[in-house]
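Q: Here it is, the structure in full.
The values are calculated or read from the model by the stated rules, or taken from the named source; none is laboratory data. A quick note: this is a predicted structure, and the numbers were derived from the prediction, not measured. Every residue, glycine as well, gets a Cβ built from its backbone with ideal geometry; the counts of neighbours run over all protein chains shown. Surface accessibility is based on the protein's heavy atoms, side chains included, excluding ligands, DNA and RNA. Shrake-Rupley method; radii C 1.70, N 1.55, O 1.52, S 1.80 Å.
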Amino acid sequence: MSPSSLTSLLREKANELGFELVGAIPVSRSKTIDIYNAWLKKGYAGSMAYLERHAELKEDPRQLLPETMSLLALGFNYKTADPSEKANNPDIGCISRYAWGDDYHELIRRKLSVLEDYLCRELNAGKISRSFVDSGPVLEREVAQRAGLGWIGKHSNLINWKKGSWFFLAELLVDVQLETDLPFTRVDCGTCTICIEACPTEAIIADRTLDARLCISYLTIELKGAIPVELRPKMANLIFGCDICQQVCPWNRDAPQSQETGLLPRPENISPRLIDLMKLDQTAFSKRFRMSPVKRSKRRGFLRNVAVALGNWANPGAIPALSLGLDDEEALVRSHSAWALGQIPDLQAKTKLEEAKITEKNPEVLQEIEAALAAFALKAVDQEIFTD
Ligand code: SF4
Ligand code: SF4
């Protein structure tokens, strides 16, 4: 079969499986690996050590699969319908759109494996293939741009000129020759800087350069330890990921809706009450987020994020939930609950911290308690509250 017929059959099958964006390129050395390595070297990846581990393979996919000849770049739309109820209130947690439904890794992997079977068995056109979603040793935005799927926006996500940026990217490496698509060079962000200005933590430090250590997606999902104190107030009620730079992008204004029912939002992920989330023990957390991307943060990381959001709400209504957090078995949850109580200008919050100071043994938690009490002392001077 000619490369052209094979590519058009594969494209048709990929579309049928729900991949709205499809493009093919010959496999070659990455064109942006030096920029990527420089980014890693500057420490912008924070604690994501797995990115360093993959860096060598990312230079050329043939290091992983020497027989590979072509790469199929794919985009899967995850913009499900906007829910009628949205997390606009500070006592409601906000979860990133991609995590509203079931875990996309499984869903997309199943579709990729159907595509691989179609190529190797039904069309009998290839012997070896490898597919990746999100985690492979491929610089996925670079290959997507080279395969004509769109351009890389200033916020570092791939943007398609017709369909916006709400896409999961995936790749299929195959040992057959496919018809090559042209790289996307027609449009770019131009003079727009909306996403840079909208980012609450100034994480977009230059065009297509993200300091992940400042990004709320990294802070709430990838970071396993304490969230830097100076960034906590900027996180507002974002408890898992952040969509702000994509929400504000003009190219997403008319982004089409995904037809994938497997990604439909779970109602409990749309407007969860922060004080309810703080009550989740391990069993309840595992049950609630079974087969959901949210489980990636683990209970301790998730409740850490919830505590920060409760601190940003700064309402006495959060004191009972944060008192639970102050008693949690995880030091990370206790330390962030202490910080959060320190944000609430209420005598009861101060009393809870003073009680915890007597029993707490963990030095890091104690430090957070003391800092929170010191913040109370300052507020008391400023506002003449807490007069015993
Ligand atoms: S995801 Fe949020 S924090 Fe990260 S760069 Fe975009 S707007 Fe900034
Ligand atoms: S908001 Fe503007 S600058 Fe940012 S990605 Fe979209 S078009 Fe580009």
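Q: Carbon-plus-sulfur fraction of the accessible area of the chain, 1.4 Å probe, in percent?
A: On the way: 9390 of 18400 Å².
About 51 percent, which is the carbon plus sulfur part of the accessible surface.
Q: Also, quick follow-up: How far apart, in nanometres, would the label points at Ala371 and Glu268 be if each is projected 7 angstrom from Cα along the Cα-to-Cβ direction?
A: Simple spin-label model gives 3.2 nm for this pair.
Q: Also: Taking 0.36 nm per intervening residue step and subtracting the Cα-Cα distance, what contour gain separates Ala284 from Arg53 on full extension?
A: On the way: separation 231, 0.36 × 231 = 83.16 nm, distance 3.40 nm.
So the extension gain works out to 79.8 nm.
Q: Then there is this: Taking θ as phi - 60°, what are the ³J(HN,Hα) couplings along the range 208-216 by the Karplus curve (6.51, -1.76, 1.60), each to the nearest whole Hz, with x for Gly and Pro?
A: 6, 10, 10, 8, 4, 4, 9, 6, 5
Q: With every protein chain present, what is the per residue accessible area of the range 195-298 (1.4 Å probe, Å²)?
A: Details: 5160 Å² over 104 residues.
Using a 1.4 Å probe on heavy atoms only, each residue of the range 195-298 averages 50 Å².
Q: Let me ask something additional. Starting from the Cα of Met291, step 7 Å along the direction of its Cβ; do the same at Glu230; then give the gap between the two resulting points in nm.
A: Going from the Met291 label point to the Glu230 one covers 4.4 nm.
Q: Kirkwood Rh over Cα pairs of the range 121-239 into Stokes-Einstein at 25 °C, 0.890 mPa s: D in µm²/s?
A: Values: Rh = 16.9 Å.
Estimated via Stokes-Einstein, D reaches 146 µm²/s.
Q: OK, next. Shape of the range 1-138 from its Cα gyration tensor (a ≥ b ≥ c, root eigenvalues): rounded if a/c is under 1.5, otherwise prolate when a/b > b/c, or oblate? Show your work: numbers first, answer last.
A: Working: a/c = 2.59, a/b = 1.23, b/c = 2.10.
Oblate, because a/c is 1.5 or more while a/b does not exceed b/c.
Q: Then there is this: Checking the a/c ratio against 1.5 first, then a/b against b/c, what shape does the Cα gyration tensor give for the range 169-280? Kindly include the intermediate steps, with their values, before the conclusion.
A: Details: a/c = 1.85, a/b = 1.40, b/c = 1.32.
Judged from the Cα gyration tensor, the range 169-280 comes out prolate (a/c at least 1.5, a/b above b/c).
Q: With runs of 4+ DSSP H residues as the only contributors, calculate the mean residue ellipticity of the chain at 222 nm using -39,500 (n - 2.57) per run, divided by the residue total and rounded to the nearest 500.
A: After summing the helix terms and dividing by the residues of the chain, the value is -11000 deg cm²/dmol.
Q: Collect residues whose amide H, placed 1.01 Å from N in the peptide plane, falls under 5 Å from the amide H of Asp103; neighbours closer than 5 in sequence don't count.
A: Ser292
Q: Is the shape of the range 279-388 best called rounded, prolate or oblate, per the rule: a/c under 1.5 gives rounded, else a/b larger than b/c gives prolate, else oblate, with a ≥ b ≥ c the square roots of the Cα gyration tensor eigenvalues? Working shown, then result.
A: Values: a/c = 2.59, a/b = 1.94, b/c = 1.34.
Here the range 279-388 falls in the prolate category.
Q: What is the Cα coordinate range of the chain on the first, second and third principal axes, sorted by size from largest, in whole angstrom?
A: Its Cα atoms span 85, 39, 39 Å along the three principal axes.
Q: Please give the peptides 194-204, 327-337 ranked by average Cβ packing (other Cβ atoms within 10 Å per residue), highest first, as a rough proxy for protection. Numbers along the way, then the final one.
A: Working: 194-204: 17.8, 327-337: 22.3.
For the peptides 194-204, 327-337, the packing ranking is 327-337, 194-204.
Q: Mind ordering 348-359, 38-49 by average Cβ neighbours within 10 Å, highest first?
A: Working: 348-359: 16.6, 38-49: 14.1.
So the order, starting with the most tightly packed, is 348-359, 38-49.
Q: With a 1.4 Å probe and all protein chains in place, put His105, His155 in order of accessible area, largest first. Don't skip to the answer; put the middle values down first.
A: On the way: His105 45, His155 10 Å².
Of His105, His155, the descending order of accessible area is His105, His155.
Q: Between Arg29 and Lys42, what length in nm is gained on full extension when 0.36 nm per residue of separation is reduced by their alpha carbon distance? Could you put the intermediate results ahead of the total?
A: Details: separation 13, 0.36 × 13 = 4.68 nm, distance 2.25 nm.
In short, 2.4 nm is gained.
Q: Of the listed peptides 138-150, 302-314, 13-25, 281-293, what is their order by residue-averaged count of other C-beta atoms within 10 Å, with the highest listed first? If you can, show how the numbers build up before the last one.
A: On the way: 138-150: 23.8, 302-314: 26.4, 13-25: 20.1, 281-293: 14.6.
Ranked from most to least packed, the peptides come out as 302-314, 138-150, 13-25, 281-293.
Q: Next up: List the lysines whose alpha-carbon lies under 16 Å from that of Lys13, not counting same-chain residues fewer than 8 positions away?
A: Once the sequence-local lysines are set aside, what remains near Lys13 is Lys111.
Q: At 0.36 nm per residue, minus the direct Cα-Cα distance, what do Val187 and Gln259 gain on full extension? Give it in nm, one decimal, please.
A: Working: separation 72, 0.36 × 72 = 25.92 nm, distance 2.66 nm.
In short, 23.3 nm is gained.
Q: Okay, moving on. Please calculate the 1.4 Å probe accessible area of Arg29, with all protein chains present, and give it to the nearest 10 Å².
A: 100
Q: Moving on to the next point. With θ set to phi - 60° and the Karplus curve 6.51 cos²θ - 1.76 cosθ + 1.60, what are the ³J(HN,Hα) couplings of the range 157-172 in order, to the nearest whole Hz, using x for Gly and Pro?
A: So the Karplus estimates, Gly and Pro as x, are 8, 7, 10, 9, 5, 9, 10, x, 10, 7, 10, 8, 9, 9, 9, 10 Hz.
Q: Could you let me know the centre-to-centre spacing of the range 203-217 and the range 250-317, using Cα atoms, in angstrom?
A: 22
Q: Let me ask you something else. Which whole-Hz couplings ³J(HN,Hα) result when phi for each residue of the range 197-206 is put into the Karplus expression 6.51 cos²θ - 1.76 cosθ + 1.60, θ = phi - 60°, listed in order with x for Gly and Pro?
A: Using θ = phi - 60°, the values come out as 6, 7, 5, x, 10, 6, 7, 8, 8, 6 Hz.
Q: Please list, ordered by chain and number, the residues whose modelled amide H lies under 5 Å from the amide H of Ala24; skip anything fewer than 5 residues away on the same chain.
A: Ala73, Asp181
Q: According to a simple spin-label model (label point 7 Å from Cα along Cα-to-Cβ), what is the distance in nm between Ser113 and Ser135?
A: The answer from the label model is 1.4 nm.
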